[in-house]
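Below is one structure, written out as structure tokens, with a few remarks after it.
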Amino acid sequence: MNINTLSQASADYESSKLAIALYPAKMREEADGMTSYYAKTLFRNKLTMENIANDIIATGTLTSYTAEQILSVWGVVNNAIIDRVLNGVIVDGGIGTFYARVSGSFASEQSSFDSEKNSIDVAFRSSKSVKELAADITPVIAQGNSVKPEITSVTDVESGEDGTLTVGGFLDIAGKNILVTGTNDDVGLYFVNCEDDEKSVKLEAAKIGVNTSSRIACVVPPLCSGTYTVKVVTQCSKTKPHKESLENTFSTVFSVS
């Protein structure tokens with residue numbers, strides 16, 4: 001199915017318009033001494049398979065199926081893929097391949113798997129056909145990138161390990177334009193649960209110990225076990241507050257045990 005056939009049912013949906021923002025790479029300079037820039041995708045929002053099922057219904061390509069039936073089939077297919085992948089099979093799903101990936105170090109060739117040091121995750125690599133489609137996309141570069149929030153690092157002081165959040169521990173976040181401020185209801189610091197959005201937790205500005213444009217420090221709130229991303233939603237601006245909330249999600253996925 002071509003994404004361009006989707007019905008414009010959502011007000012924020014615009015086909016073939018990938019918005020990106022440019023940020024200065026302070027650690028790199030070109031040969032002429034000028035600063036170079038790197039790009040990050042400006043994600044519109046996070047959708048579930050229910051949203052995708054409704055998109056499919058909107059195209060009219062599966063007139064004999066309801067959204068509930070599509071979700072049911074997807075659930076069965078999804079479980080079958082996971083079962084195969086976690087038993088050592090590479091699964092080609094068309095848009096890319098799924099495979100199991102082991103992380104963490106081992107002391108020797110005779111070492112056993114240690115769940116405290118090692119973990120297993122499902123990884124994804126996009127297919128050649130998807131890469132060819134992406135190559136035809138010309139991103140739209142957003143203006144005013146200097147005031148976009150950008151999280152550059154998230155450090156869990158208690159554990160001292162990348163990729164782990166310690167409930168009740170101290171969290172130090174660095175970045176640019178990340179001051180959590182504004183009157184919009186969605187403004188806050190978010191711990192977004194990757195598996196179940198209902199388990200996500202939002203911290204209001206009043207619950208953040210240090211809240212500046214370049215640094216946020218807080219106590220990690222009570223979180224259910226699982227994987228999380230850290231997101232800032234703010235109306236921060238160098239002049240008057242933005243009318244619309246701006247957000248940035250840190251690229252690392254953290255685990256909570």
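The values are calculated or read from the model by the stated rules, or taken from the named source; none is laboratory data. Keep in mind that this is a model prediction, so the values were computed, not measured. Glycine also receives a Cβ, built like all others from the backbone with ideal geometry; neighbour counts cover every protein chain displayed. Surface areas here come from the heavy atoms of the whole protein model, side chains and all, with no ligands, DNA or RNA. Shrake-Rupley method; radii C 1.70, N 1.55, O 1.52, S 1.80 Å.
Rounded, prolate or oblate for the range 36-177? Axes are the square roots of the Cα gyration tensor eigenvalues, ordered a ≥ b ≥ c, and the cut-off for rounded is a/c under 1.5.
oblate
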- Carbon + sulfur, % of accessible area of the chain - ligands and nucleic acids excluded, 1.4 Å: 53
- Please list the non-local residues whose amide H lies under 5 Å from the amide H of S237, H modeled 1.01 Å from N, same-chain partners needing a gap of 5 or more. H242
- Note on the structure: Residue separation between D114 and T48 times 0.36 nm, minus their alpha-carbon distance, gives in nm 20.5 nm
- With θ set to phi - 60° and the Karplus curve 6.51 cos²θ - 1.76 cosθ + 1.60, what are the ³J(HN,Hα) couplings of the range 70-83 in order, to the nearest whole Hz, using x for Gly and Pro? 4, 5, 5, 5, 4, x, 5, 5, 4, 5, 5, 5, 4, 4
- N184-F124 pseudo-label distance in nm [points 7 Å out on the Cα-to-Cβ vector]: 2.5
- Task: Under a 10 Å cutoff between Cα atoms, tell me which one of A135, A206, A39 has the largest fluctuation in the Gaussian network model of the chain.
- Result: A135
- Task: Just grab the label-to-label distance for V157 and K131, each label 7 Å out from Cα along the Cβ direction, in nm (one decimal).
- Result: 4.3
- Selected from K202, K131, K176 as most flexible by GNM, with the chain as the system and alpha-carbon contacts under 10 Å: K131
- Taking a probe of 1.4 Å and leaving out DNA, RNA and ligands, the chain shows per residue an accessible area in Å² of 65
- Efficiency of FRET between E195 and D92 - r from beta-carbon atoms, R0 25 angstrom, step 0.05: 0.55
- Note on the structure: Computed for the chain: size of charge dipole around the Cα centre, +1 on C-beta of each Lys and Arg, -1 on C-beta of each Asp and Glu, debye to nearest 20, value 700
- Query: Which residue, chosen from Q69, G175, P241, occupies the Cα position most advanced towards the positive end of the dipole of the chain, where the dipole is computed from +1 (Lys, Arg) and -1 (Asp, Glu) charges on Cβ about the Cα centre?
  - Reply: P241
